[in-house]
Amino acid sequence: MQSFIVGGFVRDYLLNRTSSDKDWVVVGSTKEKMVEHGFTCVGAGFPVFLHPETKEEYALARKEIKVGVKHTDFVFDFSEQISLDEDLIRRDFTINTLVMDEKYNLIKTSLSERALSDLKNKVIDVVDPVHFVEDPLRILRCARFSAQLGFSISDRTMNLCKKMVKDGELSYLPKERIKAEFSKAFKSRCGGKFFEILNQMEALSDYCRELSLLFTHSPEKLQWHPEGNTGGHIISALLWVDNNVPNFERIEDLYWAVLFHDIGKPFTDESKFPSHHNHDELGADLLTDNYIQNLKLPAKTGGLMRLVAKRHMRFWKMSEMRKIKQVHFIYDMCKNDLKCFLYACFADRFCNDSSDCWKILFDRIYGWIDKMYNEMEKFHLTKEEINKIHPENRSDYIWCKREEIVHDLLNMENIK
């Protein structure tokens, strides 16, 4: 029985990238032998074994045979006669076939030369086209690895991905798996490039038709959006988030909000293109609870997406609103997450500005709105007011008091 470190950990180790995902492949063993050696077997159809001390994951070398149309429709051969090379040939990309021993020494295999060459040249290339097309999830993984690592995609790999999309292979992939790849890209801070590559592969429609329409049915005025279409603008806005926004608790929700903030534009009056009047309302109306559920997103994420879609334009004209509307606007922003909302608005506005002039403005606006919200939250009815004001009128009275607080603070801070 021999154990080897394989896949992403080896790739990242050689690239001097941090990786906690250490996977082992075991050659010359069986399920029974692994258990005898103290490993804990988890999983049924596809067993994974946890090391008795390190708890790292070990898998038996295997062959895979496609038996259906779904990406999970495989039967596995875990025979102890299966060699390391036979296990590696079923993997997706050459850079994920590199192997090390427990002392981190590279092990030479039939794929080592190709893998090291592709790693050096920063290329994503398939191991074996026949095996590659058996799993449509690899289309998304190709886009994500390219975006995360900054690697190019070989022509044959890109052509294979496009053919798989054209053949409808992504339709067999659960939307949860597609959503998961978006989430991994967002957490890796490469959302802009990931979205751009998926569009190049024409792979957006199977997850969300409206996202593909941003490229094909939503021209833009070049003076505002030099990318020429709304999809290009979304790429720029996501890239702005990638490069400018620090990590915080709801960073993934921010990405989803930016991704969908102009989703209403393809549905505005075509005769007025490239203008998109009322796209904010149309976008918010599109993002219903059912729509969000179909994307496999949490309701809280959907609430932020709707707010950003509806309010990202009006935010910059907030000073022109009546004070009571400002008060309600402040409450909407702060209840959903002020930081997320502001970053989304700034991504939309400053995505083609390479300077960092936005930072001072962001801090000032965040400070002002946060202060106004906190001051409004401090207001409570006194016992005298509770006894004096009819219950049906108390809500209006509270909003009027909040309006006075905002009015006073705006004048005090001289905020326009």
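The values are calculated or read from the model by the stated rules, or taken from the named source; none is laboratory data. Source: prediction; values computed, not measured. Neighbour counts run over all protein chains shown; Cβ positions are idealised from the backbone, glycine included. Keep in mind that these areas ignore ligands, DNA and RNA; they rest on the heavy atoms of the full protein, side chains included. Shrake-Rupley method; radii C 1.70, N 1.55, O 1.52, S 1.80 Å.
For (1) modelled with pLDDT under 90; (2) on the phi > 0 side of the Ramachandran plot; (3) among the aliphatic types (A, V, I, L, M), each residue gets a yes or a no:
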| residue | (1), (2), (3) |
| --- | --- |
| Phe350 | no, no, no |
| Trp358 | no, no, no |
| Phe362 | no, no, no |
| Gly367 | no, no, no |
| Lys371 | no, no, no |
| Trp399 | yes, no, no |
| Ile405 | yes, no, yes |
| Asp408 | yes, no, no |
| Asn414 | yes, yes, no |
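Looking only at residues in the range 367-411 that are acidic (Asp, Glu) and surrounded by 12 or more Cβ atoms within 10 Å (Cβ to Cβ), which one is nearest to the chain's Cα centre (by Cα)? Spell out the reasoning first.
Going residue by residue through the range 367-411, those that are acidic (Asp, Glu) are 370, 375, 377, 384-385, 392, 396, 403-404, 408.
Next, from what is left, pick out any that are surrounded by 12 or more Cβ atoms within 10 Å (Cβ to Cβ): 370, 375, 377, 385, 403-404, 408.
Numbers: Asp370: 27, Glu375: 35, Glu377: 34, Glu385: 49, Glu403: 38, Glu404: 41, Asp408: 41 Å.
Among them, the one singled out is Asp370.
Quick one: how many residues across the range 22-42 are over 31 Å from the mean Cα position of the chain (by Cα) and open to solvent by 40 Å² or more (accessible area, probe 1.4 Å)?
8
Of all residues in the range 43-70, how many are modelled with pLDDT of 90 or more, open to solvent by 30 Å² or more (accessible area, probe 1.4 Å) and part of a strand (DSSP E or B)?
Of the residues in that region, 2 qualify.
What are the residues in the range 1-21 that are open to solvent by less than 80 Å² (accessible area, probe 1.4 Å) and assigned to a loop (DSSP other than H, G, I, E, B), if any?
Gly7, Leu15, Ser19
Considering every residue within the range 296-304, establish whether at least one is under 26 Å from Pro136 (Cβ atoms), in contact (Cβ under 8 Å) with a residue 40 or more places away in the chain and hydrophobic (A, V, I, L, M, F, W, C).
There is at least one residue in the range 296-304 that is under 26 Å from Pro136 (Cβ atoms), in contact (Cβ under 8 Å) with a residue 40 or more places away in the chain and hydrophobic (A, V, I, L, M, F, W, C).
Just give me the residues in the range 240-284 being over 17 Å from His312 (Cβ atoms) and of a type outside the set (D, E, K, R), in sequence order.
Matches in the range 240-284: Asn243, Pro246, Asn247, Phe248, Ile251, Ser271, Phe273, Pro274.
Given the conditions (1) among the β-branched types (Val, Ile, Thr); (2) surrounded by fewer than 20 Cβ atoms within 10 Å (Cβ to Cβ); (3) under 15 Å from Arg349 (Cα atoms), which single one is not true for Thr288?
All conditions are met except number (3).
Consider Ile263 carefully, then state whether it is among the β-branched types (Val, Ile, Thr), open to solvent by 10 Å² or more (accessible area, probe 1.4 Å), out of contact with any strand residue (DSSP E or B) (no Cβ under 7 Å at 6 or more places or on another chain) and at negative phi.
no
Only residues that are open to solvent by less than 30 Å² (accessible area, probe 1.4 Å) and over 24 Å from the mean Cα position of the chain (by Cα): list them for the range 211-222, please.
Matches in the range 211-222: Glu220 only.
Here are Arg314, Arg322, Arg364: which of them is open to solvent by less than 80 Å² (accessible area, probe 1.4 Å) and without any contact (Cβ under 8 Å) to a residue 40 or more places away in the chain?
Arg314
Could you check the range 188-245 and list, in sequence order, the residues that are assigned to a helix (DSSP H, G or I) and either small (Gly, Ala, Ser) or modelled with pLDDT under 95 (or both)?
Of everything in the range 188-245, those that are assigned to a helix (DSSP H, G or I) and either small (Gly, Ala, Ser) or modelled with pLDDT under 95 (or both) turn out to be Gly191, Gly192, Ser212, Gly231, Gly232, Ser236, Ala237.
Of all residues in the range 138-156 being more than 15 Å from Ala180 (Cβ to Cβ) and polar (S, T, N, Q), which is most open to solvent (accessible area, probe 1.4 Å)?
Ser152
So which residues in the range 74-119 are in contact with a strand residue (DSSP E or B) (Cβ under 9 Å, 6 or more places away or on another chain), among the charged types (D, E, K, R) and open to solvent by 50 Å² or more (accessible area, probe 1.4 Å)?
Asp77, Glu80, Glu86, Glu102, Lys108
Sort through Lys184, Lys108, Lys162, Lys166 and tell me the only one that's more than 27 Å from the chain's Cα centre (by Cα) and either more than 17 Å from Phe4 (Cα to Cα) or among the charged types (D, E, K, R) (or both).
None of the others qualify; the one that does is Lys108.
Taking the range 180-210 on its own, how many of its residues are more than 18 Å from Pro136 (Cα to Cα), small (Gly, Ala, Ser) and open to solvent by 10 Å² or more (accessible area, probe 1.4 Å)?
1
From Leu282, Leu307, grab the single residue that is within 22 Å of the chain's Cα centre (by Cα), closer than 20 Å to Phe341 by Cα and not small (Gly, Ala, Ser).
That would be Leu307, the only listed residue that is within 22 Å of the chain's Cα centre (by Cα), closer than 20 Å to Phe341 by Cα and not small (Gly, Ala, Ser).
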